[in-house]
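Structure, as structure tokens:
The values are calculated or read from the model by the stated rules, or taken from the named source; none is laboratory data. In this text the structure is predicted, and so the values were computed from the model without any measurement. Ideal geometry is used to build each Cβ from the backbone, glycine not excepted, and the neighbour counts take in all protein chains shown. Quick note on the areas: whole protein, heavy atoms, side chains included, nothing else; ligands and nucleic acids left out. Shrake-Rupley method; radii C 1.70, N 1.55, O 1.52, S 1.80 Å.
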Amino acid sequence: MEHRQILTVLLGLMLGMLVAALSQTIVATALPTIVGELGGQEQLAWVVSATLLTSTASTPIWGKLSDLYGRKIMFQSAIGIFLLASLASGFAQDMAQLIAFRAVQGLGVGGLMALSQAIIGDVVSPRERGRYQGYIGSVFGIATVAGPLLGGFLVEHLSWRWTFWVGIPIGVAALIVTERVLKLPFPRSRHSIDWLGAFFIVASVSALLLMLSLGGKEFAWNSAWTYALAAAAAVLLVLAVWQERRAGEPIMPPHLFANHTFVVTSLAGFVVGVAMFGAIIFLPQYLQIVKGSRRLLRGC
């Protein structure tokens, strides 16, 4: 592809990545308002965790599906799932519905994040990939800063529901751009998807999240529920490791953990994620609920 064509494709990919990144940061300042209307303070963290869980689990699956059916159709499918889930999230009537729609939204986010990187690898040479992927990575920096500010502005002047709807026009634009300019060859190849490994990974993380989210609230830390969920998480993790070692095309290849670069960057990403999402989710609540400050919203 010519440089001008690559830039046009890059624009569509960056728009898709922007809505995916905004979906994880824009609801931060809206969370207290959402809880005030829908209730369910004890389920608040799941509004973000549900999206992170499904996006993480679905990311490698989207990659396998794109090998089977093509990058373009899968990228557009991810955008479609994201847009429908965003629309539904804005119409949620209780916290359970919102968490469910956010989980579906995470499926689209996983596809957008995985396939945008894969498409860049398809259209540019290995020597140029770092530069173009750097452009895509800059979208996360923009979303991290602009997301909470935009969410506060929408809550103050419109409604918290617009924090989910505001990304729909951007997603539609990404869909149009990729449909018009993204022309990729599709050499079909045979691949298998490790569905069992994906199930064990998601189930293990879900059990751990349930224990950490509900412990001390719905049941005591020193209780049968805590021990049962901890045991379930440990057993499912062992089963996930066993499955990944025997699968022909594992979701998480075990040999990656022998690579020091992979291990160090994964640990660094984990620490950064804990700090970033912890601050994004709970700092606005602290300022608005504990300090009673509305300046966080009006200052946008």
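Miscellaneous remarks
- Cβ-Cβ distance of residue 84 and residue 176, R₀ of 25 Å, FRET efficiency by 1/(1 + (r/R0)^6): the value works out to about 0.90.
- The chain - mean residue ellipticity at 222 nm from DSSP helices (-39,500 (n - 2.57) per run, n ≥ 4, rounded to 500): -26000 deg cm²/dmol
- Comparing mean-square fluctuations of 117, 93, 24 from a GNM of the chain with C-alpha springs under 10 Å, the top value falls on 93.
- Size of the range 1-128 from its Cα atoms: along the principal axes, largest to smallest, the extents are 52, 27, 22 Å.
- Excluding ligands, DNA and RNA, the accessible surface per residue across the chain is 51 Å² with a 1.4 Å probe.
- FRET efficiency for residue 262 and residue 145, using Cβ-Cβ distance with R0 set to 25 Å, rounded to 0.05: 0.30
- Qualifying aspartates and glutamates (Cα of each under 13 Å from Cα of residue 72; at least 8 residues distant if same chain): 122, 179
- Here the chain exposes an accessible surface that is 68 percent carbon and sulfur, computed with a 1.4 Å probe and the other protein chains kept in place.
- For the chain, the Cβ-based charge dipole about the Cα centre amounts to some 540 debye (Lys, Arg positive; Asp, Glu negative; other atoms uncharged).
- Relative contact order, whole percent, for the chain stands at 28, derived from Cα pairs under 8 Å and 6 or more residues apart.
- With the convex hull constructed from alpha-carbon coordinates only, the range 71-162 shows a mean projected area of 6.6 nm² over all directions.
- With Cα atoms as the point set, the radius of gyration and Dmax of the chain evaluate to 20.0, 63 Å.
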